[in-house]
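K.L.:
Dropping the structure in here first, questions after.
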Amino acid sequence: MTKKKSILDLYKMKENGEKAVWIVLYDSCYASYAEEAGMDMILCGDSMGMIVYGHNGTVPVTMDMSIAHCQGVRRGAPNTYLIGDLPFGAYHASTEDAVRNAVRFYKEADVDAVKLEGGVAVADKIKAITEAGMVVFGHIGLTPQSSASMGGFKAQGRTTDSARAVIEDAIAVYKAGARTLLLEGVPEEVCAYVHKMLPIPVYGIGAGVECDGQVILAADSLGMYKNFTPKFVKKYASIAEVATKGMEDYIKDVKEGVFPGPEHKYKISGDKGEFDKLFAEMEQYFKD
Ligand code: KIV
């Protein structure tokens, strides 16, 4: 059995130059695969809005949805470091909201950390959650919850002005007490610079290789989500194809009477003649 990592293990990995690997998923079944594979961390992300619920973005995701999925993930991966993703609206209005909702993740879903999006603008929320004794993962760069104000899911930090904003966000998140930082959708140079300058673990998604580890969505990397695949995704499996083919075979077998076969049936216990007698006796009740 794998021993669950702690935040100190993540720092040790950074110190030793060992990359941390995390994956985004939302249910118990896939969580158990991740744990069996030896994943360092699982993020139960608000991308569930698109992958599980079919929305166009993450904004409709609520705390109740996030908690329910996180609980499933924890049951499937009891020994893997689990991060709960604070959804849009769960921490924006006040520091009280931020702390209350982070506490919900810890109490109801047994998480090891919470993640929230934003830099300078949410530094007070990061500080409040951290001061309440919880671990915060920051998330800056392309932040899907604010895609409306970014004009879509657009890479950040590609110009010097934009890179300055990303770096200012990184500094704000670190100074507010976040224990790690995730950079999404930024050029490798920007990620490498932030990684070089900050003492906390810096992870990337669509941010190049020069950081302390990578995260990716299971739905993207295992080929489950067909609507859109970001440029930075490497596909390690083709689950959509395998699942569709399996369903086609199932439909065919049922239509042709091939399934269920003898090995899928329950046998009667006792004498077949007794069953025939019972069926004959019961026949009249269907006619009444
Ligand atoms: O919800 C999510 O999938 C995320 C990843 C993009 C890191 O936040």
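The values are calculated or read from the model by the stated rules, or taken from the named source; none is laboratory data. Here the structure is a predicted model, which is why all the values come from computation and not from measurement. Heads up, the Cβs are rebuilt from the backbone with ideal geometry, glycines too, and the neighbour counts pull from every protein chain shown.
K.L.:
What are the residues in the stretch 231-246 that are within 21 Å of A207 (Cα to Cα) and either touching a residue at least 60 places away in the same chain (Cβ under 8 Å) or among the hydroxyl-bearing types (S, T, Y) (or both), if any?
P.N.:
Residue satisfying the conditions is Y236 alone.
This table checks each residue for (1) among the polar types (S, T, N, Q); (2) crowded, with 19+ Cβ neighbours inside 10 Å.
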| residue | (1), (2) |
| --- | --- |
| M150 | no, no |
| Q156 | yes, yes |
| G177 | no, no |
| E188 | no, no |
| C191 | no, yes |
| H195 | no, yes |
| V209 | no, no |
| V215 | no, yes |
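K.L.:
Answer yes or no as to whether L8 is outside any loop (DSSP other than H, G, I, E, B) and touching a residue at least 60 places away in the same chain (Cβ under 8 Å).
P.N.:
So L8 does not fit the description; no.
K.L.:
So, of the residues in the stretch 90-129 that are in a helix (DSSP H, G or I) and among the polar types (S, T, N, Q), which turns out to be nearest to the chain's Cα centre (by Cα)? Even if it seems obvious, please write down each step before you answer.
P.N.:
We begin by selecting, within the stretch 90-129, every residue in a helix (DSSP H, G or I); these are 95-109, 120-129.
Checking which are among the polar types (S, T, N, Q) leaves us with 95, 101.
Working: T95: 24, N101: 18 Å.
Applying the filter and picking the extreme gives N101.
K.L.:
Another question, if that's okay. Quick one: would you say E188 is of a type in the set (D, E, K, R), within 16 Å of the ligand (Cβ to nearest atom) and closer than 19 Å to G213 by Cα?
P.N.:
No, not satisfied.
K.L.:
Does any residue of the stretch 2-18 turn out to be in contact with a Leu (Cβ under 8 Å, 6 or more places away or on another chain) and modelled with pLDDT of 95 or more?
P.N.:
Looking for residues that are in contact with a Leu (Cβ under 8 Å, 6 or more places away or on another chain) and modelled with pLDDT of 95 or more, one finds none in the stretch 2-18, hence no.
K.L.:
Continuing with this model, one more query. For the stretch 23-54: of the residues being out of contact with any Ser or Thr (no Cβ under 9 Å at 6 or more places or on another chain) and not in a helix (DSSP H, G or I), which is nearest to the ligand (Cβ to nearest atom)?
P.N.:
Among those that are out of contact with any Ser or Thr (no Cβ under 9 Å at 6 or more places or on another chain) and not in a helix (DSSP H, G or I), it is L43.
K.L.:
Of the residues that make up the stretch 200-216, is at least one touching a Ser or Thr at 6+ places or on another chain (Cβ under 7 Å), in the same structural domain as A37 (by TED's automatic domain parsing) and in a loop (DSSP other than H, G, I, E, B)?
P.N.:
The answer is yes, given that some residue of the stretch 200-216 is touching a Ser or Thr at 6+ places or on another chain (Cβ under 7 Å), in the same structural domain as A37 (by TED's automatic domain parsing) and in a loop (DSSP other than H, G, I, E, B).
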